[in-house]
Amino acid sequence: MKLRALAAVAALSVSAFVAAPALADGRLAVTLEKPVSAKTKIVAGGAVFVCEDAACVATSAPSRALSVASCKALAKEAGRVSAFGGDAKALAAEELERCNASAKAA
């Protein structure tokens, strides 16, 4: 009986460990300085952003997507970014400056 209980605890521990990366995924919202001309999907930092007008949203983004590198990849496709962040954190002004150095020309 103790062996079954131990096996059950081990199985729960493994499933919690495997599910943890999925729980790290979150929503990212981006505000563009100028609207895109048409609804566009852009992949950046492992997240799929849907851009419409001056907003881009990734509903399920890995934690690595909240980075200057990810912002640069998005800016290359959509143009200059004025805000880039999630519920708990956003890129700072100096990070946005580095991001926009890669932005596509207007």
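The table below gives the values:
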quantity	calculated
In sequence order, calculated HN-Hα J values of the stretch 62-70 (Karplus, 6.51, -1.76, 1.60; Hz; x Gly/Pro)	x, 4, 5, 6, 8, 8, 5, 4, 5
Surface share of carbon and sulfur [accessible, 1.4 angstrom probe, percent] for the stretch 29-100	50
Amide hydrogen neighbours beyond the local backbone of F49, cut-off 5 Å, H modeled	I42, V43, A44
Relative contact order of the stretch 29-100, pairs being alpha-carbon contacts under 8 Å that are 6 or more residues apart, as %	33
Computed label-point distance, nm, for sites S63 and E33 using a 7 Å Cα→Cβ extension	3.2
FRET efficiency for R98 and A55, using Cβ-Cβ distance with R0 set to 25 Å, rounded to 0.05	0.70
Full-extension gain in nm, A105 to K76, via 0.36 nm per residue minus C-alpha separation	9.6 nm
Derived scalar couplings ³J(HN,Hα) [the stretch 45-58; Karplus, 6.51 cos²θ - 1.76 cosθ + 1.60; whole Hz; x for Gly, Pro]	x, x, 10, 9, 9, 9, 9, 8, 6, 9, 10, 10, 9, 10
Nearby lysines by direct alpha-carbon distance to K89 (threshold 19 angstrom, same-chain neighbours under 8 apart not counted)	K72
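The values are calculated or read from the model by the stated rules, or taken from the named source; none is laboratory data. Not measured: the values here are computed from a predicted model. Glycine gets a Cβ as well: all are built from the backbone with ideal geometry, and neighbour counts include every protein chain shown. Areas reflect the complete protein model, heavy atoms only, side chains present, ligands, DNA and RNA absent. Shrake-Rupley method; radii C 1.70, N 1.55, O 1.52, S 1.80 Å.
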